[in-house]
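Worksheet for the structure shown next.
The values are calculated or read from the model by the stated rules, or taken from the named source; none is laboratory data. A quick note: this is a predicted structure, and the numbers were derived from the prediction, not measured. We place every Cβ from the backbone using ideal geometry, glycine too, and count neighbours over all the protein chains shown.
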Amino acid sequence: MKRTIILLAAVLLTAGCVDPLRWEPSEAEKQNVYLHLKTNEAAAIAASQQKAAAPLPELTAAAAQQSAAVLAYYGLPKKLPPTETVDELLSEANRKVTKDATKIAAERPDPWLLADGLLEAAIGIGGIIGGIGGAKVVKKLKTTREKTKALREVVQGNELYLRIHPDAAAEFKEVQGKVQSRTSAEAVRDVKS
């Protein structure tokens, strides 16, 4: 019984970590951060050489320093993009790196898949524990997984409906407000964010 409680606590604690989960930055993201640093450095040098009016030289110098901190967080890419000249910095290849990095950065981990994976792992652990307690935990976890899948399908269906019929959004939300309990509304809001 003690192991079952520990297992359930671990699953619940881990499930709360879905939102802050951060995948390792991709090569394109690392290259883009490197480009950001080099572009800011070039801007700082140009502002200084052209004797730009204050505060532009200070701002560009500060931006270069801030970019260095971001690069330290992301890490250097394996392949450095060309950054020796302004033309290289503004090249189409480097613009593509930025476009690719933007697309990749917008893709967040799917909390549904992560939750399903955690439930699968917990079910496996419950099966290993065995016994009557393990069997009960596995049964409850399977029920939870089925309910989570159903909730996901409802939320995704509602989102699809609202994309197809944006003019019905106000009425849809009004009806949902009347039929959903506060707990359900909060659960759906958490799932969508």
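Points to keep in mind about this one:
- Here is the figure for region 109-128: residues that are surrounded by 15 or more Cβ atoms within 10 Å (Cβ to Cβ) and among the β-branched types (Val, Ile, Thr) total 2.
- Test: residue in region 144-152 that is modelled with pLDDT of 75 or more, part of a helix (DSSP H, G or I) and closer than 20 Å to Tyr34 by Cβ: no
- Region 53-78 residues that are touching a residue at least 24 places away in the same chain (Cβ under 8 Å), paired with ones that are of a type in the set (Gly, Ala, Ser) (beta carbon under 7 Å, 6 or more apart): Ala64/Ala44
Residues are listed down the side, and each one gets a yes or a no for (1) assigned to a helix (DSSP H, G or I); (2) closer than 19 Å to Glu24 by Cα; (3) basic (Lys, Arg); (4) under 32 Å from the mean Cα position of the chain (by Cα):
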| position | (1), (2), (3), (4) |
| --- | --- |
| Ala52 | no, no, no, no |
| Pro77 | no, yes, no, yes |
| Ala93 | yes, no, no, yes |
| Lys96 | yes, no, yes, yes |
| Asp100 | yes, yes, no, yes |
| Ala122 | yes, no, no, yes |
| Val137 | yes, no, no, yes |
